[in-house]
1. In Å, what Rg and Dmax follow from the Cα atoms of segment 88-182?
2. Run the numbers on the chain and let me know its relative contact order in percent, using alpha-carbon pairs under 8 Å that are six or more apart.
3. Return one number: the angle in degrees, 0 to 90 and rounded to the nearest 10, between the long axis of the Cα atoms of helix 40-71 and the longest principal axis of the Cα atoms of the chain.
4. What is the Cα coordinate range of the chain on the first, second and third principal axes, sorted by size from largest, in whole angstrom?
5. Hey, got the dipole for the chain? About the Cα centre, +1 on K and R Cβ, -1 on D and E Cβ, debye to the nearest 20?
6. Taking the Cα centre of segment 100-182 as the origin, how large is its charge dipole in debye, to the nearest 20, when only Lys and Arg (+1) and Asp and Glu (-1) carry charge on their Cβ atoms?
7. Determine the gain in length on full extension of the stretch residue 50-residue 82; use 0.36 nm per residue of separation and subtract their C-alpha separation, reporting nm with one decimal.
8. For residue 152, what residues show an amide H to amide H distance below 5 Å, using hydrogens built from the backbone and excluding near sequence neighbours?
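Nothing in this text is a laboratory measurement; each read-out follows from the coordinates by a stated rule. Being a predicted model, the structure only gives us computed values, none of them experimental. We place every Cβ from the backbone using ideal geometry, glycine too, and count neighbours over all the protein chains shown.
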Amino acid sequence: MNRPDPERATTPPDGRPLSEQPRWRRDFPIHLPEDEYVSRRDLVRFAVLVSGAFAVGQVWILAQNAVRRMAGRPPIREIAGAGALPPGKSLVFRYPGPQDICFLARQSDGRLVAFSQVCTHLSCAVIPDVPTGKILCPCHDGVFEMRTGRPLAGPPQRPLPRVQIEQRGGRIYATGMEVSTV
Ligand code: FES
């Protein structure tokens, strides 16, 4: 281990030279010029805080899901990190059950939308075309509006079921489904 330069160490509070200081102070003297570097203690503190926040978040989700299950409501489920989806991109996820395929898209204006990926005509998988603001169904040329999920063209008559989403602590969560008939 490199020994710190005693000349550069800040004077200890009791004024005694570094060689007479306790071992812990000799190993971790404070150097004012290097004070802006993250110390080991700060790093540990940061890691504990982040882990604690994550654990609290997970406990909160478990508790919420237990309440929701009793009330017959869909669970809260994490979809992705907020930074994982730049504008114009989309990703597929499953909600509320493992067989229910949905997609999450970040529109060009940065707003997030999420819908079921099952076409309301004959259940083909729809494809989000984020740059045009439309959702396309390749089976019978159905077209839905990305912002609202309502049908714009082709045979579909009903909007796509919308997934309610929330952003919390830098993560995106699915929190429910909205099924609309108009
Ligand atoms: S299944 Fe989508 S338009 Fe027919």
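1. Cα radius of gyration and Dmax of segment 88-182 are 12.5, 40 Å respectively.
2. 15
3. The answer is roughly 30 degrees.
4. Principal extents (largest minus smallest coordinate, Cα): 86, 40, 23 Å.
5. So the dipole magnitude of the chain works out to roughly 560 debye.
6. For segment 100-182, the charge dipole is close to 200 debye.
7. Computed gain between residue 50 and residue 82 is 9.9 nm.
8. Counting only residues 5 or more places away or on other chains, the set is 143, 144, 145.
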